[in-house]
Amino acid sequence: MGSLLGGRLAAVAAGIMLLSCGVSSVKTADLPAASLLRAAIASFGEAQSFHVAGSVQLGLSSYTFDAGVARPETLAGTVTLKDAKPAKFIVASGATFAQGDSVGILLGSVQQRVAGDRPVLIHNPDWLAAIVEITDPARFQTNFGGDLKNLKAVTTQFGGQAAELVSNASESIYIAASAPKEIIRVERKGDPAGGSSLGKVEISLTGYGQPVSAQPPADYLDFNKRNTLPANYVLNSSPKLGSCKHESCSVSVTVLNQNSGTAVTPEPYVRFPFVVGETQVEFDHCDAPIPLVGYQGTTTVSCAVSDAAWQDNQDTFQVHAVVFNPFWT
């Protein structure tokens, strides 16, 4: 009896031990994937330079990048917005610049025409925030290292390279099989997990340790700083009548240049509409070209009307002044 009971207890104990080992093996099976991902993310955080290529969705917008990255604040390459052509950009010393056709793609046709061949400083573009979600070590950790549950790891290949794929239901991260364990591909299927602002991601990471050159230009336009932009004039006084007789009437006004002393073509001018006092209907006008003055400089321009329209409508009239900057329109 005692022997039978002892045998049963031994069997139960063995079952408990077997069950315990089974649970332990499941947990242990999860650990290599989590440890592998954790180590790869740590290695990525220490990388000094690499190349990033692919698409990133941030909010409702999707961007495609092909750029070299040198931490902490240097990027050089292209970004594609929607169906536009790729636009070249550099980020150097914390500032973002574009030049030529890329200015038109990223800012607009007027800015491109104003800039010509000169580089343009771009302030806080949305697309830059998207690539930073990948290139910044802290953001990458938040986006892809926050949820280590339900991971699995398998050996595979990516781009002809032996790799270890760590994945869950929404994300797949390919890690080079040989040391150093570099992340070579990141894919996210759709909506971001908690703590992440990213949507769909399809990014390849290559060229670890390769040099990336992006020097900030010495001369550039900043559309937030008028003293870097070509001349643009505004009124600085009300129009003032000069000598007004039956034959003619002169008028003048003072204008101010908001921008630098860089000349523009076509030439800016002031138009003086002469209007009937009661109806404000224009019956005549004259134009006065504006000579070039420097940043915040002022100048007075004048012209006169002397035709039949003036001679027939001079009893009750008013004069207005309007500045035209055709280079900027």
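How many of the residues making up the stretch 93-133 are exposed (fewer than 13 other Cβ atoms within 10 Å of the Cβ), on the phi > 0 side of the Ramachandran plot and not polar (S, T, N, Q)?
Number of matching residues: 3.
Quick check on the stretch 139-161. Is at least one of its residues out of contact with any strand residue (DSSP E or B) (no Cβ under 7 Å at 6 or more places or on another chain), closer than 17 Å to Val52 by Cβ, crowded, with 16+ Cβ neighbours inside 10 Å and without any contact (Cβ under 8 Å) to a residue 24 or more places away in the chain?
Yes, that holds for at least one residue.
So how many residues does the stretch 172-191 have that are in a loop (DSSP other than H, G, I, E, B) and of a type outside the set (D, E, K, R)? I'd like the intermediate steps shown before the answer.
Initial filter on the stretch 172-191 (in a loop (DSSP other than H, G, I, E, B)): 177-182, 189-191.
Now drop any that are not of a type outside the set (D, E, K, R), which leaves 177-180, 190.
So the answer is 5.
Taking the stretch 65-75, which residues are surrounded by fewer than 19 Cβ atoms within 10 Å (Cβ to Cβ) and in a strand (DSSP E or B)? Give the steps one after another, and end with the answer.
The first filter runs over the stretch 65-75 and keeps only residues surrounded by fewer than 19 Cβ atoms within 10 Å (Cβ to Cβ), leaving 66, 71-73.
Matches in the stretch 65-75: Asp66 only.
Buried (at least 18 other Cβ atoms within 10 Å of the Cβ), part of a strand (DSSP E or B), on the phi < 0 side of the Ramachandran plot and acidic (Asp, Glu) - does that describe any residue in the stretch 208-230?
no
Could you please let me know if Leu37 is touching a Phe, Trp or Tyr at 6+ places or on another chain (Cβ under 9 Å), modelled with pLDDT of 90 or more and not assigned by TED's automatic domain parsing to the domain that holds Ile183? Can you show your working first?
Working: touching a Phe, Trp or Tyr at 6+ places or on another chain (Cβ under 9 Å): yes; modelled with pLDDT of 90 or more: yes; not assigned by TED's automatic domain parsing to the domain that holds Ile183: yes.
When the stated conditions are applied, Leu37 passes them.
Return yes or no: is Ser250 modelled with pLDDT of 95 or more, more than 30 Å from Arg113 (Cα to Cα) and touching a Gly at 6+ places or on another chain (Cβ under 7 Å)?
Numbers: modelled with pLDDT of 95 or more: yes; more than 30 Å from Arg113 (Cα to Cα): yes; touching a Gly at 6+ places or on another chain (Cβ under 7 Å): yes.
Here the answer is yes, as Ser250 does meet what is asked.
For the stretch 44-64, name all the residues that are assigned to a strand (DSSP E or B) and within 14 Å of Ala129 (Cβ to Cβ). It would help to see each step written out before you state the result.
Kept after step one, since they are assigned to a strand (DSSP E or B), are these residues of the stretch 44-64: 49-58, 61-64.
Matches in the stretch 44-64: Val56, Gln57, Leu58, Ser61, Ser62, Tyr63.
Got at least one residue in the stretch 122-137 being closer than 30 Å to Thr265 by Cβ, within 15 Å of the chain's Cα centre (by Cα), modelled with pLDDT of 95 or more and assigned to a strand (DSSP E or B)?
yes
Tell me, yes or no, whether the stretch 173-183 has at least one residue that is basic (Lys, Arg), buried (at least 17 other Cβ atoms within 10 Å of the Cβ), closer than 30 Å to His123 by Cβ and in contact with a strand residue (DSSP E or B) (Cβ under 6 Å, 6 or more places away or on another chain). Explain how you work it out, then say what you get.
The first filter runs over the stretch 173-183 and keeps only residues basic (Lys, Arg), leaving 181.
Those left that are additionally buried (at least 17 other Cβ atoms within 10 Å of the Cβ): 181.
With closer than 30 Å to His123 by Cβ added as a condition, the list becomes none.
No, there is no match, as no residue in the stretch 173-183 is basic (Lys, Arg), buried (at least 17 other Cβ atoms within 10 Å of the Cβ), closer than 30 Å to His123 by Cβ and in contact with a strand residue (DSSP E or B) (Cβ under 6 Å, 6 or more places away or on another chain).
Surrounded by 13 or more Cβ atoms within 10 Å (Cβ to Cβ), among the small types (Gly, Ala, Ser) and outside any helix (DSSP H, G or I), is that true of Ser243? Talk me through it step by step, then tell me what you get.
Working: surrounded by 13 or more Cβ atoms within 10 Å (Cβ to Cβ): no; among the small types (Gly, Ala, Ser): yes; outside any helix (DSSP H, G or I): yes.
No; evaluated as a whole, the condition is false for this residue.
So which of Ala162, Ala169 is hydrophobic (A, V, I, L, M, F, W, C) and assigned to a loop (DSSP other than H, G, I, E, B)? Talk me through it step by step, then tell me what you get.
On the way: Ala162 fails: assigned to a loop (DSSP other than H, G, I, E, B).
Being hydrophobic (A, V, I, L, M, F, W, C) and assigned to a loop (DSSP other than H, G, I, E, B) holds for just one of Ala162, Ala169, which is Ala169.
Okay, residues lined up against (1) aromatic (Phe, Trp, Tyr); (2) at pLDDT below 95; (3) not assigned by TED's automatic domain parsing to the domain that holds Ala231:
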position: Asp287; (1), (2), (3): no, no, no
position: Val293; (1), (2), (3): no, no, no
position: Gly297; (1), (2), (3): no, no, no
position: Ser302; (1), (2), (3): no, no, no
position: Gln314; (1), (2), (3): no, yes, no
position: Phe317; (1), (2), (3): yes, yes, no
position: Ala321; (1), (2), (3): no, no, no
position: Phe324; (1), (2), (3): yes, no, no
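If you take the residues of the stretch 76-89 that are aliphatic (A, V, I, L, M) and closer than 21 Å to Arg188 by Cβ, which of them is surrounded by the most Cβ atoms within 10 Å (Cβ to Cβ)?
Step one: filter the stretch 76-89 for residues aliphatic (A, V, I, L, M), giving 76, 79, 81, 84, 87.
Those still in the list that are closer than 21 Å to Arg188 by Cβ too: 79, 81.
Values: Val79: 25, Leu81: 17.
Filtering first and then ranking leaves Val79.
The conditions are (1) more than 30 Å from Asp219 (Cβ to Cβ); (2) touching a residue at least 12 places away in the same chain (Cβ under 8 Å); (3) out of contact with any Leu (no Cβ under 7 Å at 6 or more places or on another chain), and Thr279 fails exactly one of them. Which is it?
(2)
The values are calculated or read from the model by the stated rules, or taken from the named source; none is laboratory data. Treat the numbers as computed from the prediction; the structure is a model and nothing was measured. For neighbour counting, all protein chains shown are included, and Cβ atoms are generated from backbone atoms with ideal geometry for every residue, glycine included.
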